[in-house]
Every structure is written in structure tokens, then in C-alpha cells.
1. Springs between alpha-carbon atoms under 10 Å, Gaussian network over the chain: tell me which of Asp101, Asp28, Asp62 tops the mean-square fluctuations.
2. For the chain, what does the accessible surface come to per residue with a 1.4 Å probe? Please give it in Å².
3. Calculate what fraction, in whole %, of the accessible area of the range 52-156 sits on carbon and sulfur atoms when a 1.4 Å probe is rolled over the protein chains.
4. Which entry in (i) 16.0, 52; (ii) 17.8, 61; (iii) 22.3, 82 is this structure's computed Rg and Dmax of the Cα atoms in Å?
5. I need the phi-derived Karplus couplings for the range 44-54: 6.51 cos²θ - 1.76 cosθ + 1.60, θ = phi - 60°, integer Hz, Gly and Pro marked x.
6. Please report, in debye to the nearest 20, how large the charge dipole of the range 62-140 is about its Cα centre when each Lys and Arg carries +1 at its beta carbon and each Asp and Glu carries -1 there.
7. Normalised by the empirical 2.2 N^0.38 Å for globular proteins, what value does the Cα Rg of the range 45-90 take?
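The values are calculated or read from the model by the stated rules, or taken from the named source; none is laboratory data. The shown structure was predicted, so the numbers you read here are calculated from the model rather than taken from an experiment. FYI the Cβ positions are ideal-geometry reconstructions off the backbone, even for glycines, and counts take in every protein chain you see. The accessibility values were calculated without ligands, DNA or RNA, using every heavy atom of the protein model including side chains. Shrake-Rupley method; radii C 1.70, N 1.55, O 1.52, S 1.80 Å.
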Amino acid sequence: MASHNKVAIVTGAGSGIGKAVALTFLKDGYRVALAGRRKDALEQTVKEAGADGSRAVPVVTDVTRPESVSALFAAAKKSFGRLDVLFNNAGVSAPGIPLEDLSFDQWKTVVDTNLTGMFLCMQEAFRIMKAQDPKGGRIINNGSISAHAPRPFSVA
């Protein structure tokens, strides 16, 4: 299948790595659903894509909320009819403070976004990828360097 027929969803597409990946997919001819919390940032990604931005659909999404994730995948399916790549990239960090000073809410925000959000997106991607013809696709879960090289005051 030519890349111009392929569809990707990129979470965290309003800034950083997610934005760079979304722009690369668009440049390579993909149709892309851009997910992120900030509408203005997603619209900026579309603008920076230039003419390729015509194949982008920005969807304001909170990956910590199952109904928001479901709405993202429904919007992508409605717009594009299938899903070939999920690039799970949405993530947050906690303040750089000693473990014993990190509040439960700060911990929960990181876990809910970085882990639960990834899980919810993978679950929705599986549903679409199993049901489409041809079946299948690719899921890329982008993680932090902290998973391999611990840093002080970054327990979450």
C-alpha cells in the first residue's frame, strides 16, 4: 500500500517529538489524526505542515480519559476509514523533587498520562486494526530516557 493511503494517529502532536513525528508522517504522504490537549498547538502543527496539513485532522484529546480516547479514534476512523500506525507519545513529567516530597496527585498525573493513556490508545487501536481489511498495523510506544538511565528526582 502506498504511503498516501496510510493513516496514523499521533498523540502529543502539539509539541516536541510528537509534533516532529506528525510533520514527518504528513510529509511522507500519510493522513494523520493529531491528538493533544491544546487546540492552538495542534492547529500550529497543521499550519507548519503547509499543504500537507490538508491531510491532518486535529482532535483535542485527554489521553487520561477513556471517553476522550474513544472520541479520538472514532474521529480518525470517520475521517480516514482505517488506522495503520499509532504513535503513542503523549507524556508529562512531575517536578524534579525528592521522592518523599512528590504528592500522590503529582504521581497519579504522570502515571495516568504516560501509562494509562498509552494503554487506552493501544486498546482502541487494537479494536480498529483487528476489524479493518487488511487487518493489522503498527503501534509505537515512545518512552522516556529515564526508563534506561535513571535521573535524580524523577521517580514518576
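1. Asp101
2. Working: 8710 Å² over 156 residues.
Averaged over the residues of the chain, the accessible area is 56 Å².
3. Numbers: 3630 of 6240 Å².
That fraction is 58 percent.
4. Read-out taken from this structure: (i).
5. 3J(HN,Hα) across the range 44-54, in whole Hz: 5, 4, 4, 4, 5, 6, x, 4, 5, x, 5.
6. On the way: 9 positive and 9 negative charges, 128 e Å.
With Lys and Arg at +1 and Asp and Glu at -1, about 620 debye.
7. Dividing the Cα Rg of the range 45-90 by 2.2 N^0.38 Å gives 1.22.
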